[in-house]
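Down below is the structure, laid out as structure tokens.
The values are calculated or read from the model by the stated rules, or taken from the named source; none is laboratory data. Just so it is clear, the structure is predicted and the values come from calculations on it, not from any experiment. With ideal geometry, Cβ positions are generated from the backbone for all residues, glycine too; neighbour counts draw on all protein chains shown.
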Amino acid sequence: MFVFGDSLVDDGNNNYLASIAKANYYPYGIDFFQGPTGRFSNGKTVIDFLCELLGLPYIPAYTTPGLNGTRLINGVNYASAAAGILEETGLYLGDRFSLDQQVLNFENNLNDLRQVIGDAGNFTQYLARSIAVMVLGSNDYINNYLLPSLYHSSYIYNTQEYANLLLNHYTRQLLALHSVGLRKFLLAGIGPLGCIPNQRATGYAPPDRCVSQVNAMVGLFNVRLRNLVQQLNTNHPGAVFVYGNTYGALGDLLNNPRNYGFLVVDRACCGLGRDRAQITCVPISTPCSNRREYVFWDAFHPYRSSVNRIFG
């Protein structure tokens with residue numbers, strides 16, 4: 001399994017980058033058996049749950065020291081916090097592996113993998129059986145388009161044009177991965193960003209409501225991503241592209257929290273400022289004592305059990 005994405009699935013790549021976007025300190029990892037690892041969660045990420053389902057060990061981060069040879073065989077996680085589909089997304093937070101760079105990092109590993117597997121036919125089969133998990137797009141909104149003081153994208157593109165820009169670039173990189181031999185792709189849609197604590201704390205929505213215009217933006221992106229998945233399946237019959245309805249899954253949880261065992265949907269468990277969501281979980285933060293009742297761990301990321309529910 002090869003993972004491309006952002007902080008929702010980063011398992012430690014940003015630990016080794018000059019970036020503000022890090023999670024290798026307490027209270028991140030408070031409920032994870034290894035403690036803080038760089039996962040932006042109190043515990044496991046959706047990738048960890050997916051590994052368990054598939055019977056794989058947890059996938060190592062690309063920047064893990066000494067990651068080569070047989071250690072690559074079960075897959076690599078290239079995801080990077082603050083990264084987006086566009087190169088400039090998240091730049092103000094420091095270094096990160098954009099989607100373009102993540103694809104290059106994957107290609108850098110191919111020679112090692114080819115040597116480990118040996119026979120060219122076996123290598124082709126290995127890539128064809130592997131799963132590429134893609135979790136991207138959120139930062140292109142919250143760390144680009146929705147920050148007009150730092151980025152001009154919202155002045156240049158309307159929401160439809162911006163969604164097209166993102167998906168055109170996304171398509172090029174998906175086809176690049178397909179061209180080197182990957183054949184199984186899981187493309188996660190963007191969740192309801194207007195409902196995350198970070199966006200609620202902006203004050204752009206009434207109390208207890210999500211920021212509807214933000215949800216409309218990502219909804220547009222998701223519709224077009226779903227259409228892209230259908231198009232890719234039609235154009236590449238030897239491959240399988242699957243759309244992951246993150247928006248629907250998290251949306252149902254937020255609309256019916258008690259059905260899933262949660263009580264708090266509009267505030268973060270760990271962070272500072274309004275709703276603990278204006279500054280994300282930092283080393284001086286004390287997480288809420290009843291974190292199992294919260295859908296969101298910090299301003300941007302769901303609590304471990306929320307991830308499990310979404311994944312289920």
Any hit, segment 274-291, residues being surrounded by fewer than 19 Cβ atoms within 10 Å (Cβ to Cβ) and in a strand (DSSP E or B):
yes
Does segment 52-60 include one or more residues that are closer than 18 Å to Asn105 by Cα, of a type outside the set (Asp, Glu) and touching a Leu at 6+ places or on another chain (Cβ under 8 Å)?
yes
If you scan segment 292-312, which residues turn out to be in contact (Cβ under 8 Å) with a residue 60 or more places away in the chain and assigned to a loop (DSSP other than H, G, I, E, B)?
Trp297, Asp298, Ala299, Phe300, His301, Tyr303
Of the numbered conditions (1) under 24 Å from Phe221 (Cβ atoms); (2) touching a residue at least 40 places away in the same chain (Cβ under 8 Å), Glu87 satisfies every one except a single condition; which is it?
(2)
Here the residues within segment 134-172 that are touching a Ser or Thr at 6+ places or on another chain (Cβ under 6 Å) and assigned to a helix (DSSP H, G or I) are Asn139, Asp140, Asn143, Asn144, Tyr145
Taking segment 44-55, which residues are surrounded by 19 or more Cβ atoms within 10 Å (Cβ to Cβ) and either of a type in the set (Lys, Arg) or in a loop (DSSP other than H, G, I, E, B) (or both)?
Lys44, Thr45
At positive phi, out of contact with any Pro (no Cβ under 7 Å at 6 or more places or on another chain) and part of a loop (DSSP other than H, G, I, E, B), is that true of Gly29?
no
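Suppose the filter is of a type in the set (S, T, N, Q), modelled with pLDDT of 95 or more, in a helix (DSSP H, G or I) and in contact with an Asp or Glu (Cβ under 9 Å, 6 or more places away or on another chain); does Asn108 pass it?
Values: of a type in the set (S, T, N, Q): yes; modelled with pLDDT of 95 or more: yes; in a helix (DSSP H, G or I): yes; in contact with an Asp or Glu (Cβ under 9 Å, 6 or more places away or on another chain): no.
It is false that Asn108 is of a type in the set (S, T, N, Q), modelled with pLDDT of 95 or more, in a helix (DSSP H, G or I) and in contact with an Asp or Glu (Cβ under 9 Å, 6 or more places away or on another chain).
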Name the residue that is farthest from the chain's Cα centre (by Cα), counting only residues in segment 65-100 that are over 23 Å from Leu182 (Cα atoms) and surrounded by fewer than 23 Cβ atoms within 10 Å (Cβ to Cβ).
Gly66
Out of Phe241, Phe262, I need the residue that is of a type in the set (A, V, I, L, M, F, W, C) and either under 21 Å from Leu50 (Cα atoms) or in contact with a His (Cβ under 6 Å, 6 or more places away or on another chain) (or both). Which one?
Phe241
With over 21 Å from Ile20 (Cβ atoms) and surrounded by fewer than 24 Cβ atoms within 10 Å (Cβ to Cβ) as the only criterion, which of Tyr303, Tyr260, Tyr294 stands out?
Tyr260
